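**Student:** Submitted below is the structure of interest, expressed as structure tokens.
The values are calculated or read from the model by the stated rules, or taken from the named source; none is laboratory data. What you see is a predicted model, and the numbers here were worked out from it, not measured in a lab. Here the Cβ positions follow ideal geometry from the backbone for every residue, glycine too, while neighbour counts run over all protein chains shown.
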Amino acid sequence: MDNCFACHSLRTPLTDGITPNSAFLDQFSPSFLSQPMYHVDGQIKEEVYVYGSFLQSKMFHAGVNCIDCHNQHTMKIKVQGNGLCLQCHNAEVYQQPAHLNHPEDSAGGQCINCHMPEKTYMGVDARRDHSFRIPRPELTQAYQAPNTCNTCHQDKSASWAKNQITKLYGNNNPLSKTEADLIKLQHQFMLPLDQHLAIINDKNINEIYRASAIALLPNSAQELSDVQIKNWVNSSEPLIRLATAQVGFLLPIAERSKSYLSLLTDEFKAVRVQAANHLLQLGLNHSTQLEQAFDELISSHQVSMWRGEGGLNMSMVQLNLQQLDPAIQSLQHSINVDPYFPAAYINLADIYRRSQAPEKESATYQKGIAANPKSGILHYSFGLHQIRNGEKQASLNSFKQAIKFEL
Ligand code: HEC
Ligand code: HEC
Ligand code: HEC
Ligand code: HEC
Ligand code: HEC
């Protein structure tokens, strides 16, 4: 399946090109579930491809593979209609009026229309949600997450759909407390840290949900300790380790020098380079492990230098190492290869601000705005600069533009 994920996932490459039969996490760093790419409950929202969805499904965890449904060569589905699902699911239970509740040969009676709803992107790209979830209209009521019943029954309310499901099916699959908390977290609720940690430590929830909860820890915690992360560092689930590596900045540097260090020698490159990122402050001569992981980190950024993000990421490493001029060069490179990437201008202007070069700072914002006149965040940042510079009237203008184009 790693071979399929290489392309059908939302991820950042760590190497140049794709090497078949080599582990996904040695070549890519996948994105976790977060807003605005996914809905709060993990349904697809933007184009997120298959990986993040399929990992949420019980089928993935039970060992079901892409090629159980897709022909290995043509990639077409193996069986048309409900027969695809009835390869494994009992027709006596599911291919029945009591479960389908719509005529077998109608759209409403198709397993995939209830468990794998379709979303069309940009009018042409139809994608089906590979998380194979149970429709939950109650989440529409609480969070406006879509539910497939109302996608068809647009003239009915979510509470109608909820009542129908309770009446027809009995509602046998309530969310657990921690699952419900995870949705709150994705909805940007502030949870007490204990409640947040309970999600991560609940082994009944699958790996990608718990890893995504780790990635969201900055919402609940300003600081973590070695005691809190020890089990995650030692987890047998690689995404738990990857997410832990990502939030390394939440550990004070002294705490990072404890069990976190072992992530530098993790089995997977994705984990090692993330850990290296947050250990640069120890100094490269700290250990050969750090040196090696650092080399991998640099080469992983080098493969992305043709995109705006590549130069940006490289500059952050260089800033961490106090290399100011190289960081400026990386950001200028980023702007050259992708003038439509506002973050590079903002970070470059910020370096000029900190080195007390307000003219260069201003010129950088102006160049950024000329290339990206509709970037709210550029207008906003420029406005802050103007305030610092005493240009009050001009800043008001910038903030108006920022509001017009949204941040
Ligand atoms: C080298 C990249 C790459 C790899 C590896 C890859 N795919 Fe694809 N696949 C694509 C692209 C590109 C498309 C077309 C765009 C799209 O639909 O996302 C595609 C399309 C598909 C489609 C839709 C085909 C159709 O007729 O509509 C399926 C299904 C699919 N791939 C399944 C798989 C599976 C299963 C694997 C692993 C066995 C796999 N792919 C491996 C790149 C890849
Ligand atoms: C290769 C076998 C296989 C095929 C094919 C298959 N499933 Fe499954 N499915 C499973 C297994 C195994 C589970 C997990 C059962 C468990 O953990 O209780 C599962 C679980 C589910 C669940 C439960 C999800 C939940 O959250 O409780 C749904 C819904 C589902 N499948 C829908 C489908 C649909 C729709 C299709 C056809 C598009 C399909 N399955 C095809 C094997 C399969
Ligand atoms: C009209 C919508 C609809 C269709 C069509 C449908 N399901 Fe379901 N399915 C549901 C709902 C709703 C639940 C949740 C039931 C509950 O919570 O008690 C569910 C639950 C399930 C589950 C989870 C385990 C369980 O029994 O609670 C599986 C597996 C499943 N469906 C498989 C299928 C398969 C296979 C098909 C096609 C043969 C299918 N479903 C067609 C709505 C549908
Ligand atoms: C339980 C069955 C099932 C499994 C398992 C499954 N798919 Fe699919 N997949 C489908 C169905 C059904 C469609 C819709 C096909 C259609 O409409 O022709 C689909 C569509 C796709 C498409 C076309 C674009 C889209 O998103 O709808 C891609 C790409 C794809 N699958 C990739 C994968 C990959 C990669 C895996 C494994 C990681 C996988 N699928 C596992 C059933 C499955
Ligand atoms: C793919 C579209 C589609 C989906 C998804 C769908 N339905 Fe329907 N549903 C229909 C259509 C069309 C009818 C009316 C004609 C028929 O029976 O096929 C209908 C009829 C019904 C009816 C009986 C008539 C009525 O309006 O009172 C109920 C109840 C119902 N659906 C409930 C649900 C529930 C609950 C879900 C989600 C679990 C759901 N449907 C999902 C298309 C869909």
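**Student:** In this structure, does K203 turn out to be surrounded by fewer than 21 Cβ atoms within 10 Å (Cβ to Cβ), within 13 Å of ligand 5 (Cβ to nearest atom) and charged (D, E, K, R)?
**Tutor:** no
**Student:** Ok, one more. For the stretch 186-204, name all the residues that are touching a helix residue (DSSP H, G or I) at 6+ places or on another chain (Cβ under 7 Å), of a type in the set (A, V, I, L, M, F, W, C) and modelled with pLDDT under 95.
**Tutor:** Result: M190, L191.
**Student:** Let me ask something else about it. Out of S300, S362, report the one residue that is part of a helix (DSSP H, G or I), touching a helix residue (DSSP H, G or I) at 6+ places or on another chain (Cβ under 8 Å) and buried (at least 20 other Cβ atoms within 10 Å of the Cβ).
**Tutor:** S300
**Student:** Same structure, new question: Could you list all residues from the stretch 59-96 that are more than 10 Å from ligand 2 (Cβ to nearest atom) and within 31 Å of the chain's Cα centre (by Cα)?
**Tutor:** Across the stretch 59-96, the qualifying residues are C66, H70, N71, Q72, H73, T74, M75, K76.
**Student:** A further question on this structure: Does Y121 satisfy being crowded, with 17+ Cβ neighbours inside 10 Å, touching a Lys or Arg at 6+ places or on another chain (Cβ under 7 Å), aromatic (F, W, Y) and within 20 Å of S9 (Cα to Cα)? Full working, then the answer.
**Tutor:** Numbers: crowded, with 17+ Cβ neighbours inside 10 Å: no; touching a Lys or Arg at 6+ places or on another chain (Cβ under 7 Å): yes; aromatic (F, W, Y): yes; within 20 Å of S9 (Cα to Cα): yes.
The answer is no for Y121.
**Student:** Output the helices (runs of 4 or more DSSP H) that fall wholly within the stretch 30-115 and possess 2 or more residues being small (G, A, S) and closer than 29 Å to Y169 by Cα, or say none.
**Tutor:** It comes to 51-54.
**Student:** Please identify the pairs in which a residue from the stretch 91-114 that is free of Cβ contacts under 8 Å to residues at least 12 places away in the same chain and more than 20 Å from D129 (Cβ to Cβ) has its Cβ atom under 8 Å from the Cβ atom of a residue that is part of a helix (DSSP H, G or I) and not charged (D, E, K, R), counting only partners at least 6 apart or on another chain.
**Tutor:** Hits for this filter: V93/H99; P103/G109.
Results for (1) under 28 Å from R210 (Cα atoms); (2) in contact with a helix residue (DSSP H, G or I) (Cβ under 9 Å, 6 or more places away or on another chain); (3) of a type in the set (S, T, N, Q), shown as yes or no for each residue.
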position: E47; (1), (2), (3): yes, no, no
position: L55; (1), (2), (3): yes, yes, no
position: K58; (1), (2), (3): yes, no, no
position: K78; (1), (2), (3): no, yes, no
position: N82; (1), (2), (3): no, yes, yes
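**Student:** Another one. Restricting the first residue to the stretch 384-407 and requiring it to be farther than 17 Å from P342 by Cα and at pLDDT 95 or above, which pairs with a second residue that is surrounded by fewer than 17 Cβ atoms within 10 Å (Cβ to Cβ) and small (G, A, S) meet a Cβ separation below 9 Å and a spacing of at least six or different chains?
**Tutor:** Every condition considered, the pairs that remain are Q386/A394.
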